[in-house]
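The values are calculated or read from the model by the stated rules, or taken from the named source; none is laboratory data. Since this is a predicted model, take the numbers as computed values, not measurements. What goes into the accessible areas is simple: the full protein's heavy atoms, side chains included, and nothing from ligands, DNA or RNA. Shrake-Rupley method; radii C 1.70, N 1.55, O 1.52, S 1.80 Å.
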Amino acid sequence: MTAGKSAYPPIFDGHNDTVISLAGEGFDGPGGRSFYERADKGHIDLVRAREGGLGGGFFAVMARPKPASSSSGGGHSVSDVGRGYSPESGWPPPMPLDQAQSDALIRFGKLFELERDSDGQCKIVRSAAELQECLDNGTFAIELHFEGADPLDPGGQALEVFYAAGLRSVGLTHFRQNIYCAGVPNIFPHSPDIGDGLTDAGKELVRQLNRRKVLVDLSHANEKTFWDVAGITDAPLVATHSNAWEMSNSPRNLTDKQLAAIRESNGLVGLNYHCGFLRKDGEMNPDTPISTMVDQIEYLIDKLGIDCVGLGSDFDGSMVPNPLKDAAGLPKLMAAIEERGYDTAALTKIAHGNWVRVLGATWGA
């Protein structure tokens, strides 16, 4: 079994919202779909992943509030998350722990079903060695990720259970406030220096994640939270799906000072494909050229070095440039990077090598 038709190194991606999209609750609208059949919506299924050389990625599990007025019982659409509230206008209350845990368990179960029903084509990976093996033999690699730490209790007991199930990375929050910290609202232009940093519970959570060797994802964290984590963690600093603030002034992006800290820690930033985080004007405009993505990559490489830059698409949770379209279009991105003068060794680092390195350094395997 091959990883796909792409002539480029297999890609391991730092973020997708595919588990939500498959359930019909995501950015691409209602109506579920199969992971094993080509779809005409969304960004990732196994067919398009094979065509584009996508060898796997972080599969985000995001627990979301379920409004009482929702007739479908679903939470907020991914496309609506982060709009209409901020520290100034008022955050919604944190999710109740039991609701967040129930939602997370259901989504974890869906990913385990996906692995079970794949006839060996997909594997949930728990170590860097397993990830590299999957990339080498063409098995699609799934890394279990929390986008928002809402399902974790302050005492750390739920972390033990979810870790045993395969959880290996945690984003502290997602566009909202929880008991650990606050994220950044979806506004443009704005500095990421908005809102307070880690609470006492948040500081303890970072220590728990360090002890368990779980990656702490700084994407969505505001600047105060970023620096609080940097002052506590003993692991590389990682933002799985963020871009450079100097290139696009979204609070979801990283300042040069933050990039310098990530470089100093030998961490990693994964390029986010969302048009609003790529463009200088911040517009949600799908008529964005792939060259804009490469401009961001080159800026990140300039600030971080070639060893600290990867890909973090935000597939199935964002508006990606029309010329890319979906996972099947990834060879176009790799070709555009190659055309800027990057050789096979550099392309391999960007595609997956840097992810394997930083995950091994964080997980200890």
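Would you mind classifying segment 107-148 by shape? Square roots of the alpha carbon gyration tensor eigenvalues, ordered a ≥ b ≥ c; an a/c under 1.5 is rounded, otherwise it is prolate if a/b is larger than b/c and oblate if not.
On the way: a/c = 2.96, a/b = 1.24, b/c = 2.38.
In terms of gyration-tensor shape, oblate.
Lys325: which lysines have alpha carbons under 24 Å from its alpha carbon, excluding same-chain residues fewer than 8 sequence positions away?
Within reach: Lys5, Lys41, Lys280, Lys349.
Could you sort Thr344, Thr18, Thr292 by their accessible area in this structure, using a 1.4 Å probe and putting the largest first?
Thr344, Thr292, Thr18
Report the residue, chosen from Ala351, Ala128, Ala335, that carries the largest GNM mean-square fluctuation when the chain is represented by alpha-carbon nodes joined by springs under 10 Å.
Of Ala351, Ala128, Ala335, the Gaussian network model singles out Ala335 as fluctuating most.
Would you please classify the overall shape of segment 216-365 from the alpha carbon gyration tensor, given that a ≥ b ≥ c denote the square roots of the eigenvalues, rounded means a/c under 1.5, and beyond that prolate means a/b larger than b/c while oblate covers the rest?
Judged from the Cα gyration tensor, segment 216-365 comes out oblate (a/c at least 1.5, b/c at or above a/b).
Relative contact order for segment 88-227 using alpha-carbon pairs under 8 Å, separation at least 6, rounded to a whole percent?
Once normalised by length, the contact order is 21 percent.
Which whole-number value in Å² is the accessible area per residue of the chain, probe 1.4 Å? Show your work: numbers first, answer last.
On the way: 13310 Å² over 365 residues.
Accessible surface, normalised per residue, equals 36 Å².
Among [x] 25.2; [y] 20.0; [z] 21.5, which is the computed Kirkwood radius over Cα pairs in Å?
The value computed from this structure is option [y].
Quote the relative contact order of the chain in percent (integer), defining contacts as alpha-carbon pairs under 8 Å separated by 6+ residues. Provide the component values of the computation, followed by the final result.
Details: 843 pairs, mean separation 72.5, N = 365.
Reported relative contact order: 20 percent.
What are the DSSP H helices in the chain that stretch 15 Å or more along their long axis, judged by alpha-carbon atoms, and whose average Kyte-Doolittle hydropathy comes to at least -1.0?
Passing helices, by number: 97-116, 290-304.
Can you give the calculated 222 nm mean residue ellipticity of the chain, where each DSSP H run of n ≥ 4 adds -39,500 (n - 2.57) and the sum is split over every residue, rounded to the nearest 500 deg cm²/dmol?
Mean residue ellipticity, 222 nm, calculated: -10000 deg cm²/dmol.
If a/c stays under 1.5 just call it rounded; otherwise compare a/b with b/c (prolate if a/b is bigger, oblate if not). Do that for segment 323-365, with a ≥ b ≥ c from the square roots of the Cα gyration tensor eigenvalues.
oblate
So, how do all the Cα-to-Cα distances of segment 270-345 break down into 5 Å bins, in percent, from 0 on up?
Going out from 0 Å in 5 Å bins, segment 270-345 shows 3, 16, 29, 28, 16, 7, 1 percent.
Could you state the per residue volume, in Å³, of the convex hull enclosing the Cα atoms of segment 234-275?
Values: hull volume 2.7 nm³, N = 42.
That works out to 64 Å³ per residue.
Taking 4 °C and 1.567 mPa s as the conditions, I'd like the Stokes-Einstein D for segment 150-226 in µm²/s, using the Kirkwood hydrodynamic radius from alpha carbon pairs.
Reported coefficient: 101 µm²/s.
If amide H atoms are built 1.01 Å from N in the plane of the peptide, which residues on other chains or at least 5 residues away come under 5 Å of the amide H of Gln177?
Close amide H contacts, sequence-distant or interchain: Gly183.
Please find, in a Gaussian network model of the chain (springs between Cα atoms separated by less than 10 Å), the residue of Pro251, Pro192, Pro94 whose mean-square fluctuation is greatest.
The residue that fluctuates most here is Pro94.
Convex hull over the alpha-carbon atoms of segment 149-300: what's its volume per residue in Å³?
Convex hull volume per residue, Cα atoms: 105 Å³.
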